[in-house]
Amino acid sequence: MGFSLVRGRDLGDVRLFTLSTCAWCDVLKRFLSGQGVQYRYMDLDLVDDREQEETVQYLDSIYEKWGFPALLFDERVLVCGYKESEIREVLGLPEQKEAEGEAAGEPVEEEVEKIYRNVKKVNEKEGYYLNPDVTFAKRLVRSLLVNQRRYGYWACPCRLASGNREEDRDIVCPCVYREPDVREFGACYCALFVSEKVVRGEMAAEVVPERRKKKQE
């Protein structure tokens, strides 16, 4: 498999299965880099169809309900989603009360800013709020625009799109899973949208499991 290597302390075979558009994938990469951990990663949306299919089959053989980002440690432990405490425990990293500092935010392009404002305005009327971490939310908006150029529609940036709008209509943002996810967990799968309680600080958004069923061959 075609992985890219990020050098650091060798704690074992740490592999990430990610998407180039997934903000949580980016957070996990930056977390590991900030911890000085050596790891390999593969952005599945950037590899060829054969390698993508083989990788998906490989992950399916380990855990049917895997999702992005997926961290595989020594081919034994699979952690799906950005679960910092669990990742620290698996890799033997010490717990820290204060999270590592965010890197300086990238300049916000005019297009991203415009779409961010529009999405915020329209969805708040329906009771869905954008993630209060504005930098994180704009990163997801930017990824939606990447997918718009790539596929022609707003495929969820934290899911692997097929490139076929009809196949992916359930994950066109806002996806059909948003309503039950926000109601149950306080956030949608990629955490672009959150509940009013999360915005007010009355509850913390939880890691959202993947509701989408695997496509049958």
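What follows is calculated from the coordinates using simple rules that are stated; it is not laboratory data. The model shown is predicted, which means the values in this text are computed figures rather than measured ones. Here the Cβ is made from the backbone with ideal geometry for all residues, glycine too, and neighbour counts use every protein chain on show.
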Ranked 61, 195, 4, criterion: other C-beta atoms within 10 Å, fewest first: 61, 4, 195
Please report the spacing between the Cα centers of segment 162-190 and segment 13-37 in Å, no decimals. 22 Å
Answer check: the chain, Cα atoms, Kirkwood Rh, Rg/Rh ratio of 0.95
Using all Cα-Cα distances in segment 125-217, what percent lands in each 5 angstrom bin from 0 up to the longest? 3, 14, 24, 23, 19, 11, 4, 2, 0
So in the chain, which Cys have no other cysteine's beta-carbon sitting under 4.7 angstrom from theirs? 80, 156, 173, 175, 188
Please report, in Å, the Rg and the Dmax of segment 4-91, where both are computed over Cα atoms only. 12.2, 34
Multiplying the sequence separation of residue 200 and residue 9 by 0.36 nm and subtracting their Cα-Cα distance, what value in nm do you get? 64.8 nm
Short version: ³J(HN,Hα) in whole Hz for each residue of segment 56-63, in order, from phi by Karplus 6.51 cos²θ - 1.76 cosθ + 1.60 (θ = phi - 60°), x for Gly and Pro, what are they? 4, 4, 5, 5, 4, 6, 8, 7
Packing-based exposure ordering (other Cβ within 10 Å, fewest first) of 46, 16: 46, 16
Among bridges DSSP assigns within the chain, what percent are antiparallel (round to 5)? 75 percent
Value at 222 nm in deg cm²/dmol, rounded to 500, when DSSP H runs of n ≥ 4 in the chain each add -39,500 (n - 2.57): -11000 deg cm²/dmol
